[in-house]
1. Give me log10 I(q)/I(0) at q = 0.15, 0.19 Å⁻¹ for chain A, Debye formula, one equal scatterer per alpha-carbon, no solvent.
2. Accessible area per residue, 1.4 Å probe, Å², for chain B: what's the number?
3. With chain B rotated onto chain A, spot the residue of B whose Cβ lies nearest the axis and note the distance in whole Å.
4. Leaving out ligands, DNA and RNA, calculate the buried accessible area for the pair B and A with a 1.4 Å probe, summed over both sides, in Å² to the nearest 100.
5. Taking a label point 7 Å out from Cα toward Cβ, give me the nm distances from residue A:63 to the same spot in the other copies, shortest first, one decimal.
6. Expressed as a whole percentage, what fraction of the accessible surface of chain B belongs to carbon and sulfur atoms when a 1.4 Å probe is rolled over the protein heavy atoms?
7. Using +1 on the beta carbon of Lys and Arg, -1 on that of Asp and Glu, and nothing else charged, what's the dipole of the protein assembly as shown about the Cα centre, debye to 20?
8. About its Cα centre, what dipole magnitude does the stretch B:4-137 give when the only charges are +1 on Lys and Arg Cβ and -1 on Asp and Glu Cβ, stated in debye to the nearest 20?
There are 2 protein chains.
Amino acid sequence: MPINFRAAKKDDLTKLVALLADDDLGKQREDISSPINNAYLKAFEEISQDPNNQLIIAERDNCIVGMLQLTYIPYLTHIGSWRCLIEGVRIHKNFRGKGFGKLLFEWAIEQAKNRNCNIVQLTSDKNRPDAIRFYNNLGFQATHEGFKLILRNT
Amino acid sequence: MPINFRAAKKDDLTKLVALLADDDLGKQREDISSPINNAYLKAFEEISQDPNNQLIIAERDNCIVGMLQLTYIPYLTHIGSWRCLIEGVRIHKNFRGKGFGKLLFEWAIEQAKNRNCNIVQLTSDKNRPDAIRFYNNLGFQATHEGFKLILRNT
C-alpha cells in the first residue's frame with residue numbers, strides 16, 4: 001500500500017478545495033466555483049509562509065487520498081512545551097475504510113514527535129460519530145469540551 | 001474597574017508560572033522551583049518571536065489578574081479563514097467571581113476580530129464545570145469533542 005506524504009502545493013488547491021467541500025458539513029461552507037476563489041490562494045500563501053503550519057497531502061498513484069493541517073504551538077504550560085494541533089482532516093471518499101486515515105495520522109503523530117511536541121490535539125464535531133470513533137481507536141482521549149464562538153460566517 | 005491588557009514580559013514569568021501552578025490541574029504539571037526552570041524562558045522566547053502567538057496579561061493596580069495565550073491560525077477551510085485559538089487561561093484566585101474573566105475574554109475576542117478571524121475556539125477540561133459554564137455564558141458552543149493524545153509527560 002504505497003502512500004506518500006508531502007506539503008501541499010499551489011497546483012493542488014483546486015483538488016483540495018473540492019475535497020473539503022465533498023463533505024456534509026464542508027459543502028455548506030466552501031466555494032468550489034472556478035476560477036478558484038482568491039481567498040483560498042491567500043490562505044495557502046499564509047500557511048506556506050508560516051514555519052509552524054503545514055498543509056499536508058497523502059497521495060497514492062498520483063491521486064489525493066487525504067489531507068490535514070498541522071500547527072505547532074509553543075506554550076508556557078506543561079513546563080514550556082510544544083503542542084501539535086490538527087485541523088481540516090479529510091479522506092477522499094474513494095479511499096475511505098482502507099486504513100489510509102490511520103496511516104496519515106501515524107505519519108502526523110511522528111511529525112509532532114520530531115517537533116518535540118508533548119501533546120497532539122484536535123477537535124471533532126459531535127455530529128461526526130465515525131470520526132469520533134476513529135480518533136478514539138487511535139488512542140486520543142475526549143477529555144475536553146471543544147468550544148467555538150462564530151464571529152462571522154463565510 | 002480599571003483593568004489593563006498587555007503582552008507578557010520576561011520579568012512577569014515567575015508570577016505567570018506561579019499562576020499556572022495555582023490550580024488543581026496545573027499544580028500536577030508545572031515547576032515552581034527557583035530559579036525559574038529554563039524551559040519556561042525558552043517557551044517564552046518562542047511565543048514572543050512568533051507574530052501569530054500572543055501571551056497576554058490582564059493587570060490591575062500592578063497585580064496580575066489573569067492570563068491567556070492567543071494563537072492566530074490561517075486555514076483553507078471556511079473559504080480561507082483565520083481562526084483564533086485560546087489556551088492557558090487563568091484568573092488569579094484573589095480576583096475570581098468579579099467579572100474580570102469576562103473582561104479578559106471580551107478583550108481577546110476583540111483582538112480576534114481585529115485579526116480578521118471567523119472563529120474563536122478553545123477546549124476546556126470536562127473536569128472544570130465552572131469553566132464550562134463560564135464559556136457557555138460567553139456564547140461559546142460546545143459543538144466539538146476536544147481530543148488529546150499525550151505523547152510525553154513533562
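The values are calculated or read from the model by the stated rules, or taken from the named source; none is laboratory data. Bear in mind the structure is a predicted one, so any value in this text is a computation, not a measurement. So basically every Cβ, Gly included, is an ideal-geometry build from the backbone, and we count neighbours across all protein chains shown. To get the accessible areas, we keep the full protein, side chains included, count just its heavy atoms, and leave off ligands, DNA and RNA. Shrake-Rupley method; radii C 1.70, N 1.55, O 1.52, S 1.80 Å.
1. So the normalised log intensities are -0.89, -1.46.
2. Values: 7380 Å² over 154 residues.
Per-residue accessible area for chain B comes out at 48 Å².
3. Here the value is B:146, 2.
4. Buried: approximately 6300 Å² between A and B.
5. Nearest first, the other copies' label points are 6.4 nm away.
6. On the way: 3510 of 7380 Å².
That fraction is 47 percent.
7. Details: 42 positive and 36 negative charges, 79 e Å.
Roughly 380 debye, rounded to the nearest 20.
8. 340 debye
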